[in-house]
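Readers should treat all values here as calculations from the given coordinates under stated rules, not as data from a laboratory. Note that the structure is a prediction, hence the values are computed from the model and not measured. All Cβ positions, glycine included, derive from the backbone under ideal geometry; neighbour counts span all protein chains shown.
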Amino acid sequence: MTERSFPDDVDVVIVGSGPTGAAYARILSERAPDAVVAMFEVGPTVSDPPGAHVKNIEDPARRAAAQHASQGPAASAETVSNPGAVKSGQRLARAGTFLLEEGYQQPGEDGLPVAAMSSNVGGMAAHWTAACPRPGGSERIAFLPDLDELLDEAERLLGVTTHAFDGSPFGDLVRDRLARAVDEGRIDATRVQRMPLAVHRRGDGRLVWSGSDVVLGEATRANANFTLHDESLVTRVLLEDGQASGVEVRDLRSGGTHIVRARFVVAAGDALRTPQLLWASGIRPPALGRYLNDQAQIVFAVRLRDVPPLDTDVPADGTLAEYSGVSWVPFTDDVPFHGQVMQLDASPVPLAVDDPVQPGSIVGLGLFCAKDLRRDDRVAFDDVATDAYGMPAIRIHYRLTDTDQAVLARGREEIVRMGTAVGDPLDPRPFTMPLGASLHYQGTTRMGGADDGESVCDPDSQVWAVPGLFVAGNGVIPTATACNPTLTSVALAVRGARRIAAELGRAVTASPGLAYVEKEL
Ligand SMILES: Cc1cc2nc3c(=O)[nH]c(=O)nc-3n(C[C@H](O)[C@H](O)[C@H](O)COP(=O)(O)OP(=O)(O)OC[C@H]3O[C@@H](n4cnc5c(N)ncnc54)[C@H](O)[C@@H]3O)c2cc1C
């Protein structure tokens, strides 16, 4: 097999091509276009442009092939594809993702039985639902004064809009009914509203879901100093005098190993595999892998009551029709759930079959719960056993506390109240998904305001005591969020990327109308 050529020496290595790794590439392309940036991704390229969402692939067979190719060692495994499978209690992954083969639950613990990952260019964002709510209340990171500006920038990179489903005939009706059930006592920002989505509409009217391709943008694709290497596993971050100095990469096509020198390394490999890479590299700060948190998820499906028949047919070409769109019931500290209310075919969880008589009348509700954070909830790594890629095997230690159980019980009541306000339940009992189903794992490389052993990185995402090594992804989020975390983790990546651009001393104009002049350090 022909050896590919990998660079020997670059300014910045980015490990992982999900939206947070892509955010580093984009900001560096905009602010430091002379910097040589190499991105390494263990999975294959499954869509065009690289990193594009697979839902945008119109041909169902090609879309399914892209999903299988993203499933790493479980390419041929069965995935959740029908409503029965959701509630069957089987350990099944969502299409495009794969589960931990072992180590997901320790004896006597709850574990995360369906903790999942994706291995493909674009990471999980080639498969996601694209909901991009902003964090509120205790979800926010109090020591970041610039959080709102960073979230604005993350919305720009992901292409977030609240208008994707403006034409949906049942959207306002669903929101009005929900509002009557939950809005009392809420301020404007936390009232029922349209869900911000990373979606845009093409000229022909078809919805296009943002993936890493949108985050990379033309600025990165046109950057001759940026290269993306797929099927390339970063096995170690290299250190010299305590500073990041490069990475060791294994070419999965040839099996060859390469050393790539770099001034900066950004580990953006997801909340389980970023700490795995640091562990494998002997970089083991006390908080590494700790404060792991997932958003326990409850789902419920209803049939809309008293709605007029639609005169549109279900599209035959796989295009998403517009029925009720996606609505948002924001988290508050008093009501600690994030609510996502979706027309059936936009939901990542197949909750029911569509109603052949009244298409679009079934609405799926999901509540995500914020976790009661514990230091002992953690991802740990085996010193001997390895995973399918030959990296240290993942061991999840995870328990729900009494507080978590109480929040879940309250959530089950709340979702029934919300659901029955909207329509008639298909099943009177809400379903609590197996732990890990949210796909929103956080905290394992958490950010902190001080190096006190309770965090892994500083507010710029640079690992404490390892200059030049940055971490990215949901693992960096230090708070217990209930809202979908990607917008927040992309916002944190923007801050880190700006820091690297500033240190590279080559900052340029960031976006039209906003001239950033960085000081040369
Ligand atoms: C069905 C589904 C629905 C979702 N819906 C939403 C939603 O509505 N809103 C939301 O906010 N989030 C959602 N998510 C989660 C969202 O996709 C993730 O939060 C987001 O993709 C995380 O971005 P990331 O860059 O941190 O990591 P990822 O997207 O996971 O990308 C990490 C990449 O790093 C690669 N990698 C790991 N280790 C290495 C290594 N050692 N060497 C080389 N490469 C490596 C992986 O292969 C992967 O491609 C959903 C996910 C799924 C699957």
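Using 0.36 nm times the number of residues separating Ala181 and Arg201, minus their current alpha carbon distance, what extension gain do you get? Gain on extension, Ala181 to Arg201, equals 4.0 nm.
Computed from label points 7 Å out along Cα-Cβ, the spacing between Asp402 and Asp383 is 3.7 nm.
Mind checking segment 234-290 for trypsin sites (Lys or Arg not before Pro) that DSSP puts in a loop (not H, G, I, E or B) and that have at most 12 other Cβ atoms within 10 Å? Those that pass, being in a loop and sparsely packed, number zero. Indicate the gyration tensor shape class of segment 105-203 (rounded, prolate or oblate), computed on the Cα atoms with a ≥ b ≥ c the square roots of the eigenvalues: a/c under 1.5 is rounded; otherwise a/b larger than b/c is prolate and the rest oblate. In terms of gyration-tensor shape, rounded. Where only DSSP H runs of four or more residues are counted, the chain gives -6500 deg cm²/dmol as its mean residue ellipticity at 222 nm, each run worth -39500 (n - 2.57).
Given R₀ = 30 Å, FRET efficiency for Gln243-Asp34 by Cβ-Cβ distance, to 0.05? The value I calculate is 0.90. The order of the peptides 224-230, 25-31 by mean Cβ neighbours within 10 Å, most packed first, is 25-31, 224-230. Put a dot 7 Å past the Cα of Asp172, heading toward its Cβ, do the same for Arg284, and the two dots end up 6.1 nm apart. For Arg62 and Ala75, the difference between the fully extended length at 0.36 nm per residue and the C-alpha to C-alpha distance is 3.3 nm. Here is the list for segment 99-158: GluC sites (Glu not before Pro) lying in DSSP coil, each with at most 16 other C-beta atoms within 10 angstrom of its C-beta, are Glu101, Glu102, Glu109. Summarised in one figure, the compactness ratio Rg/Rh of segment 32-80, Cα atoms and Kirkwood Rh, is 1.11.
Annotation note: trypsin sites (Lys or Arg not before Pro) in segment 363-404 located in DSSP loop regions with a Cβ neighbour count of at most 16 within 10 Å are Arg375, Arg399.
Based on the Cβ-Cβ distance from Glu109 to Arg417, what FRET efficiency comes out when R0 is 30 Å, to the nearest 0.05? Efficiency computed from Cβ-Cβ geometry: 0.45.
Packing, taken as the mean count of other beta carbons within 10 Å per residue, orders the peptides 200-210, 37-47 from highest to lowest as 37-47, 200-210.
Please list, in order, the residues from segment 450-491 whose amide nitrogen is less than 19 Å from a point placed 7 Å along the Cα→Cβ vector of Asp152. Inside the label zone: 487-491. Annotation for Ala142 and Arg305: the two label points, set 7 Å from Cα along the Cα-Cβ direction, are 4.3 nm apart.
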